[in-house]
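The values are calculated or read from the model by the stated rules, or taken from the named source; none is laboratory data. Computed from a predicted model, the values in this text were never measured in an experiment. Reconstructed Cβ throughout: ideal geometry from the backbone, glycine too, with neighbour counts over all protein chains shown.
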Amino acid sequence: MLLKRSFVIALGLFMAMFIVACGGYATTGGGAYGGSNNPPATTVPSTGGSNSSAVIQTATVTVKGQSETVLTNAQGLTLYYFTADSATQSAVSGNLAQIWPPQLFTGSGEPTSSTTLAGKLSVQTDVNGNQVEYNGHPLYTFSGDSAPGQTNGEGITGMWFVATPNLAVQGGGSTSGGYGY
């Protein structure tokens with residue numbers, strides 16, 4: 001009896017994770033993860049040069065109770081990477097791209113950062129358009145983050161993680177700590 005109950009619970013959790021990963025819910029504003037249990041994170045602007053056209057910035061935020069430097073977009077929203085992506089193809093499109101909007105590049109040349117980054121920014125043209133990549137990882141925001149400093153998408157389905165300046169090169173080895181480095 002206990003085994004059957006555990007199986008039903010596990011199956012229900014798996015189905016819920018699958019629905020979220022495949023875009024089975026609609027979001028307005030904060031989304032299903034907008035009401036985070038995380039305390040409001042403090043965003044500390046980077047001390048690098050002031051490049052107003054910079055696509056990528058860095059900020060210090062709280063990720064699972066630890067202070068981490070993460071990549072953000074120009075509006076200060078945390079950027080994420082998806083472990084199912086490859087160096088040549090985004091695995092995110094359709095409904096999933098509404099939950100995890102791709103970080104698109106609309107400028108010319110290569111994307112820039114307001115600070116010096118250890119890795120390489122580039123653009124990949126795929127189903128989403130001209131998507132910004134860091135070390136070969138396509139970057140996304142999360143619809144459940146409604147303000148700078150939030151990291152509500154960290155660890156969702158065990159495949160979405162905040163992108164940090166130390167994110168390993170796609171295909172060049174594993175990352176450690178689950179925080180993109």
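A compact table of results
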quantity	calculated
Residue within region 112-122 that is of a type in the set (Lys, Arg) and either within 15 Å of residue 165 (Cα to Cα) or modelled with pLDDT of 95 or more (or both) present	yes
Failed criterion for residue 74 (all others in (1) in contact (Cβ under 8 Å) with a residue 24 or more places away in the chain; (2) at negative phi hold)	(1)
Search result, residues across region 129-155 that are surrounded by fewer than 20 Cβ atoms within 10 Å (Cβ to Cβ) and either on the phi > 0 side of the Ramachandran plot or touching a Ser or Thr at 6+ places or on another chain (Cβ under 6 Å) (or both)	129, 148, 155
Region 111-151: number of residues that are of a type in the set (S, T, N, Q), assigned to a loop (DSSP other than H, G, I, E, B) and farther than 14 Å from residue 169 by Cβ	10
